[in-house]
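Novice: Please see the structure below; I have some questions.
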Amino acid sequence: MSSSGIWKYIAPTSLGAAYAITKMLSIRALDPELAIAQDFTYQFLAGILLGFALRPVTSQIYWKRTTSIIFFSLFLLILGPIGQLIRHRIWGITFDDTFWLLLFAEIVTAFVVSILASIILPVAHQQTISPGLLLRRYKKELSPSGILKMFGCALLYAFSFLIFQSIFDESFVSPSWIGRSQELLSLPPISAQEKILLLWVQGFLNILILLPLFIVFLREKVELIVVFGSLSFVVAVFSPAFANFQRIEPLLLVDQVFIGFCLHFIFISGSVLCFGRNKK
């Protein structure tokens, strides 16, 4: 697809419509009453945000279509549904029937969006990066030093989550951020150690799926922070916030969006310092 002119705006909007339609149909197939409670406008806006966040990556990397579909399916699943599962577990939120229905719809939508993104969004004229080539280059990065950096990035994610939640989340009563951290870690049903481990796992999965982008997207470090930070923030936080706008109390939603913004840009900044490559 063309990457210039009006199409660069129409394509993400079209992907937003596809996102909303797919999600609404998935929910309707499972529970018609739950589908009625969803707001199509917010789903549409969430999809548009996702489309604009994906566009720089799809248009400037020489993906083959198969590579693009596989990568973005995994990317959307890890930062989306899997991230939701981990966060719900950390906060001690019950996994009720509504949660599982919406999660299933998110999974279906992630696969559909990953396919349509390679068709609707602008792509590079040369398409040379096959799954095999990407996998070979990926394995080269998994050296002892590379794995150590990934462990460090995962720890950065875990502790950044705790720090930002403690500082900006007004639902805790302790006046100090250390006391708030203890309140967060003491929430049932899992222990503080399990919470930190889950956060570390989420951070490790995030850097694991971001690593292919660092391998093939060669830009200045500031540009990498902006592009990848926006992408991860939109996929993990901002787009779901729009999609669930009517289900979350507004002030809490604003807090969580701001915390997510800080978290993902700090995490991406650390990841760029470890794995970013300047364009030669």
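Laboratory data are not the source of any read-out in this text; all were calculated from the coordinates shown. This one's a predicted model, so the numbers in the text were calculated from it and none came from an experiment. In this analysis, Cβ positions are derived from the backbone assuming ideal geometry, glycine residues included, and neighbour counts consider all displayed protein chains.
Novice: Compute the convex hull volume of the Cα atoms of segment 140-280, divide it by the residue count, and report the result per residue in Å³ as a whole number.
Specialist: So the per-residue hull volume is 118 Å³.
Novice: Express the relative contact order of segment 7-275 as a whole percentage, based on alpha carbon pairs under 8 Å and six or more residues apart in sequence.
Specialist: Reported relative contact order: 28 percent.
Novice: I would also like to ask the following. For Cα pairs less than 8 Å apart in space and 6+ apart in sequence, what is the mean separation divided by the residue count of segment 164-280, i.e. the relative contact order in percent?
Specialist: RCO, segment 164-280: 35 percent.
Novice: Using +1 on the beta carbon of Lys and Arg, -1 on that of Asp and Glu, and nothing else charged, what's the dipole of the chain about the Cα centre, debye to 20?
Specialist: It comes to approximately 1520 debye.
Novice: Here's a follow-up. Measuring from label point to label point, each 7 Å out along Cα→Cβ, what is the residue 85 to residue 170 span in nm?
Specialist: Taking the simple label geometry, residue 85 and residue 170 are separated by 3.4 nm.
Novice: Among 230, 217, 117, which residue has its Cα furthest toward the positive end of the charge dipole of segment 7-275, with +1 on Lys/Arg Cβ and -1 on Asp/Glu Cβ?
Specialist: 217
Novice: Among (i) 18.6; (ii) 19.5; (iii) 23.4, which is the computed Kirkwood radius over Cα pairs in Å?
Specialist: (ii)
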